[in-house]
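Everything on this sheet refers to the single structure shown next.
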Amino acid sequence: MALLKRLAELDRPQVDFVLDGQPAIALQGDTLLTALLCSVDALKGSDFSAEPRAGFCLMGACQDCWVRLEDGRRVRACSTLIEPGMQVTREPGRQP
Amino acid sequence: MSALVETDVVIIGGGIVGASAALFLRRRGMEVALIERDYCGSRSSGVNFGGVRRQGRPLIQLPLAQRAHAIWNDLPGHIGIDGELVRSGHLKLARSDEDMRSLERYEAETRGFDMGLELLGEDDIRRRYPWVGKSAVGASLCPADGHANPRLISPAFAVAAKRLGAHVYEQTPVVRVEDAGDDFLVTAGDGLRFRAPWLLNCAGAWAAGLALQYGEPVPMRAGHPAMLVTEPLPVFMTCSTGVEGGGIYARQVARGNCVIGGGQGFALDDRRARVDQQAVVTLLRQATTLFPSLHGAHVIRTWSGTEGYLPDRQPVIGFSRMRRGLVHGFGFAGGGFQIGPAVGDVLAELVCEGASRTPIEPFSIQRFQHVAA
Amino acid sequence: MNSTHVVIVGAGPAGVRAAETLVRKGVAPVLIDEGMRAGGQIYRQQPQGFSRPAKALYGFEASKANAIHVCAEDLASQIDYRPKTLVWNANADTLDLLCDDRFEQLGYDRLIVATGATDRVLPVPGWTLPGVYTLGAAQIALKFQGCAIGDPVVFAGTGPLLYLVAYQYAKAGAKVTAVLDEAGFSDQCRALPGLLRQPSTLAKGLYYRAWLLANGVRVEQGASLVRIDGEKRVASVAWQQGGVEHSLPCSAVGFSYALRSETQLADLLGCEFVWSPLNRAWLPRRDASGRSSLEHVYLAGDGAGIMGADAAEMAGERAALAVLQDMGIAVDGARAEKLERGLAQIERFRDGLEHAFPFPEGWAAKADDALMLCRCEEIRVGQLRDVVRAGAVDINRAKALCRVGMGRCQGRMCGAAAMEIIACESGLTIDSVGRLRGQAPIKPLPFAVGPDA
């Protein structure tokens, strides 16, 4: 279920991407954080207890929104724009 | 106002050597004052790589390393914590046939030291350590070596010494060392003064000044090992790892962070050091080749420290040749963490018994006497 | 053309005005910015292809925001502008950069540091739940992405952003359930004399609150966040007011306690730091002109003390004038003096703001041992208290022993709170628990590296 709610800029072109292997839809100009959190409610599991996290500062400071791309690169979801066909994977974090 | 502390032994330097000397002196019933300019274990002893490694040390260090090994085996008994010590094994990789021959020679030469080295071929590595990159063609494994957290362990030696009654003075810089008859008179910050018949010089990279004061100049220079740590990653690196010929070493802690060292940083000033971009980029490249699982991971901190290096990369351990009651223990060339506790024990032994049961002759300060001439 | 290399870090209001001032005198600087487009956080531009007018994004500040954007656009062709570039380390004459996973080094003769600010956070139980964001984050979600952090949403904490963000959300059509203002009514009365120095800012604050009240938004003063509850995401928020606990269901919470300066770069450069009681933080020392303790380093904007966007513009221009003066280029001395007077006036106003939005000094005493303090390393308040009780009353020593502030964010989110805990537990004053030292990299560096640029 979505965490964020879109209030404006709704008529941007759609962008198809893949989230955890499933097709997903975002809007052009979305950050990965927006794209993901408009369909799911977490971006990653925390490192030491796999608690759900969904970012915090949205300005590249808190480092709590890293996600993985298909080529193995990992990026901050809040400061990376979605691109068509991107394959984004959420990392589950580690159970203690 | 100047308080005078009269004691048996004054130790200058609260790194792992000085702090363990304090601990082992207390065990032998001596009164000890341990003086540290910063916090105990906050300099090289606390910021080193954390390798608890015998493999790769020169033969002359192995008796000390074995003695240290026994202390490490009962770490909680000595300092009350396990300090994240893991006997992961130490894997030394060969990246060429020539390197492999060098590992084979080392194995042959060190059989008497009970390290149980195991030589591994390329297939063994692929099977047992699939996380090692293709550039490794062979390796030597020391199964009982490992790694630990120096940030926790080095301060804990001072805490343990304190618990046994050592007087520990942190954030107390030594201002002056003078003679008072046969005794030493040490003046430190805040007007503190100490008087004792024994003085241990455990001041690490800053120890040469005191040696010089007593007519024993040593050609020590400062080195600054470059170090970095990754964010927490899924555990893959099951051994502490180095390469023959040096250049890079790595370990992964239980929390998942990989600590990677290699190359040199630079000095910001007399006390502080830092890693530059060249060293970081080189380390990143080498590390991804050697450990492909690091692809996509991030470095979250880099650091360096200030370590004392003598030209032969061997420490100075033992009695001063010029001043009765002065004992040196410094200059570990970046390799003092594992043997540090044994050196502390040896220094205590020298003070209390007049001799070390572990051979330390190769580390005598006398080897630099030509420097004085 | 002068061959001196002047570098500006940060393309917010301070950095942009600094660049403009230099260009006007024929000095073309390098302007480095982490953002995709100029404007900083306060005047952050929405991505290409978005269509809302400036008025909708920046409200009363629309013309100022526009002016900065237009200025930055004009400058782009005249200077070496490098967006999406991180300065991850700095030495006496060189900056280490990272852009698109590529490393590069950049020499400088003179450097203007305009690194801005992030929200100051004091953890509360549940603050790591999805749906909890800083006030700054809530504003960025709306301004930069047209999104609300949730609906319905509760805003809490202190600082000028509190009522502004609530107002912007409500205007944009989000359901704002409540605004929980940590400050009480009496705090605001005490602050009035100082606030009156800048009547327009005061008026804006009053306007937002009045608008919220008029539009049926619940506004509670003297309300302290107690807890954010929820299983996998925010479900409700609890606060305390006059000794009574209240709670409300909501799906998101935005909270913070004013702003904190991003000082890592100044720290790595070796700038001298001084304690600022007003900011309750260690800040790089700067004089009225923006000169730091280092000969070739200048400080401008919120990165060296929180004074707001208007002050940042002035400080950026003033620092650039100082650079020009130090290069032996004649500048308008009267202009420099006017800027300094303006900055001094804003500083006095800031005093008033601190009274209006007082720091919740009782936070540390109330914090439970189980409270998550460091969200990166997942260190709880009790773990920090343990090492403090064992003697680690210096923040760097405490970090070494219990890992607080040691994670990916380098203590940005928990550092201020950790200092409060140490001070409270040790009985020392907040300015005597030491300063969390910066360590390179300023932000994480990737292993997957491309060839050197």
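The values are calculated or read from the model by the stated rules, or taken from the named source; none is laboratory data. In this text the structure is predicted, and so the values were computed from the model without any measurement. So basically every Cβ, Gly included, is an ideal-geometry build from the backbone, and we count neighbours across all protein chains shown.
Going through C:GLY333, C:GLY328 one at a time, which residue ends up being over 26 Å from the mean Cα position of the chain (by Cα) and closer than 18 Å to C:LEU111 by Cα? Lay out the reasoning, then the answer.
Numbers: C:GLY333 fails: closer than 18 Å to C:LEU111 by Cα.
Only one candidate passes the filter, namely C:GLY328.
Is it the case that B:ARG272 is facing chain C (nearest Cβ under 10 Å), without any contact (Cβ under 8 Å) to a residue 40 or more places away in the chain and under 21 Å from the mean Cα position of the chain (by Cα)? Answer is yes for this residue.
In region C:300-317, the qualifying residues are those that are out of contact with any strand residue (DSSP E or B) (no Cβ under 9 Å at 6 or more places or on another chain) and assigned to a helix (DSSP H, G or I), and the one that is surrounded by the most Cβ atoms within 10 Å (Cβ to Cβ) is C:ALA312. Sub-7 Å Cβ pairs linking a first residue in region A:62-75 that is more than 8 Å from chain C (Cβ to nearest Cβ) to a second residue that is in a loop (DSSP other than H, G, I, E, B) and modelled with pLDDT of 95 or more, at least 6 apart or interchain, are A:CYS65/A:LEU43; A:CYS65/A:GLY55; A:VAL67/A:LEU43; A:VAL67/A:ARG90; A:ARG68/A:GLU91; A:LEU69/A:MET86, ordered by first then second residue. A:CYS57 satisfies every condition listed in (1) without any contact (Cβ under 8 Å) to a residue 12 or more places away in the chain; (2) buried (at least 23 other Cβ atoms within 10 Å of the Cβ) except (1). Being under 30 Å from B:SER293 (Cα atoms), of a type outside the set (D, E, K, R) and within 13 Å of chain A (Cβ to nearest Cβ): is that true of C:LEU401 here? Against the criterion (under 30 Å from B:SER293 (Cα atoms), of a type outside the set (D, E, K, R) and within 13 Å of chain A (Cβ to nearest Cβ)), C:LEU401 does not qualify.
The condition of being within 14 Å of chain A (Cβ to nearest Cβ), crowded, with 24+ Cβ neighbours inside 10 Å, more than 21 Å from the chain's Cα centre (by Cα) and over 22 Å from C:SER247 (Cα atoms) does not hold for C:GLY173. Within region B:177-194, the set of residues being crowded, with 17+ Cβ neighbours inside 10 Å and not aromatic (Phe, Trp, Tyr) comprises B:VAL177, B:ASP183, B:LEU185, B:VAL186, B:ALA188, B:LEU192, B:ARG193.
This table checks each residue for (1) without any contact (Cβ under 8 Å) to a residue 60 or more places away in the chain; (2) among the basic types (Lys, Arg); (3) part of a loop (DSSP other than H, G, I, E, B).
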residue: B:GLY83; (1), (2), (3): no, no, yes
residue: B:LYS92; (1), (2), (3): no, yes, no
residue: B:GLU98; (1), (2), (3): yes, no, no
residue: B:LEU103; (1), (2), (3): no, no, no
residue: B:ASP124; (1), (2), (3): yes, no, no
residue: B:VAL132; (1), (2), (3): no, no, yes
residue: B:LEU152; (1), (2), (3): no, no, no
residue: B:PRO155; (1), (2), (3): no, no, no
residue: B:VAL175; (1), (2), (3): yes, no, no
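When region C:101-119 is filtered for residues that are touching an Asp or Glu at 6+ places or on another chain (Cβ under 9 Å), at negative phi and within 10 Å of chain A (Cβ to nearest Cβ), the ones remaining, listed by number, are C:ALA117, C:THR118. For region A:70-84, the condition holds for no residue, the condition being that it is under 18 Å from B:PRO234 (Cα atoms), at pLDDT 95 or above and in contact with a Cys (Cβ under 8 Å, 6 or more places away or on another chain).
In region B:157-173, what residues are among the β-branched types (Val, Ile, Thr) and either outside any loop (DSSP other than H, G, I, E, B) or outside the structural domain of B:ARG27 (by TED's automatic domain parsing) (or both)?
Residues of region B:157-173 among the β-branched types (Val, Ile, Thr): B:159, B:168, B:172.
Selection gives B:VAL159, B:VAL168.
Checking each residue in region B:43-60 for being within 13 Å of chain C (Cβ to nearest Cβ) and surrounded by fewer than 24 Cβ atoms within 10 Å (Cβ to Cβ) picks out only B:VAL47.
Please state which one of C:ILE346, C:ILE306, C:ILE329 is out of contact with any helix residue (DSSP H, G or I) (no Cβ under 8 Å at 6 or more places or on another chain), β-branched (Val, Ile, Thr) and in contact (Cβ under 8 Å) with a residue 40 or more places away in the chain. First the steps, then the outcome.
Details: C:ILE346 fails: out of contact with any helix residue (DSSP H, G or I) (no Cβ under 8 Å at 6 or more places or on another chain); C:ILE306 fails: out of contact with any helix residue (DSSP H, G or I) (no Cβ under 8 Å at 6 or more places or on another chain).
It is C:ILE329.
So for region B:137-159 (the condition being modelled with pLDDT under 95 and of a type outside the set (Phe, Trp, Tyr)), does at least one residue qualify?
Narrowing region B:137-159 to residues modelled with pLDDT under 95: none.
Among the residues of region B:137-159, not one is modelled with pLDDT under 95 and of a type outside the set (Phe, Trp, Tyr), which makes the answer no.
Of the strands (runs of 3 or more DSSP E) contained entirely in chain A, those carrying at least 1 residues that are among the hydroxyl-bearing types (Ser, Thr, Tyr) fall at A:87-89. Among the residues of region C:1-33, those identified as touching a residue at least 60 places away in the same chain (Cβ under 8 Å) and of a type in the set (D, E, K, R) are C:ARG17, C:GLU20, C:LYS25. Here B:HIS78 meets each of (1) in contact with an Asp or Glu (Cβ under 6 Å, 6 or more places away or on another chain); (2) touching a residue at least 24 places away in the same chain (Cβ under 8 Å) with one exception, condition (1). Quick one: count up the residues across region B:315-343 that are closer than 15 Å to B:SER44 by Cβ and either at pLDDT below 95 or among the small types (Gly, Ala, Ser) (or both). Number of matching residues: 7. Listed by position, the helices (runs of 4 or more DSSP H) inside region C:370-453 whose residues that are surrounded by fewer than 22 Cβ atoms within 10 Å (Cβ to Cβ) number at least 3 are C:381-389, C:415-426. Looking only at region B:288-345, residues that are more than 14 Å from chain C (Cβ to nearest Cβ) and either part of a loop (DSSP other than H, G, I, E, B) or farther than 23 Å from B:ASN149 by Cα (or both) come to 25 in all.
Table: residues versus (1) buried (at least 22 other Cβ atoms within 10 Å of the Cβ); (2) among the small types (Gly, Ala, Ser); (3) modelled with pLDDT under 95; (4) not assigned by TED's automatic domain parsing to the domain that holds C:ASP302.
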residue	(1), (2), (3), (4)
C:VAL16	yes, no, no, no
C:ALA19	yes, yes, no, no
C:LEU22	yes, no, no, no
C:LYS25	no, no, no, no
C:PRO53	no, no, no, no
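Going through (1) crowded, with 24+ Cβ neighbours inside 10 Å; (2) touching a helix residue (DSSP H, G or I) at 6+ places or on another chain (Cβ under 7 Å); (3) modelled with pLDDT of 95 or more one by one, B:VAL10 falls short only on (2).
Quick check on this structure: which one of C:LEU161, C:LEU142, C:LEU122 is out of contact with any Cys (no Cβ under 7 Å at 6 or more places or on another chain), facing chain A (nearest Cβ under 8 Å) and among the hydrophobic types (A, V, I, L, M, F, W, C)? Quick ask: steps written out before the conclusion?
Working: C:LEU161 fails: facing chain A (nearest Cβ under 8 Å); C:LEU122 fails: facing chain A (nearest Cβ under 8 Å).
Step by step, each of C:LEU161, C:LEU142, C:LEU122 is checked, and only C:LEU142 is out of contact with any Cys (no Cβ under 7 Å at 6 or more places or on another chain), facing chain A (nearest Cβ under 8 Å) and among the hydrophobic types (A, V, I, L, M, F, W, C).
Taking every residue in region C:365-376 that is within 13 Å of chain A (Cβ to nearest Cβ) and pairing it with any residue that is part of a loop (DSSP other than H, G, I, E, B) and among the aromatic types (Phe, Trp, Tyr), at least 6 positions away or on another chain, yields no pair with a Cβ-Cβ distance below 6 Å. When region B:103-128 is filtered for residues that are out of contact with any Pro (no Cβ under 8 Å at 6 or more places or on another chain) and charged (D, E, K, R), the ones remaining, listed by number, are B:GLU104, B:ARG105, B:GLU107, B:GLU109, B:ARG111, B:ASP114, B:GLU122, B:ASP123, B:ASP124, B:ARG126, B:ARG127, B:ARG128.
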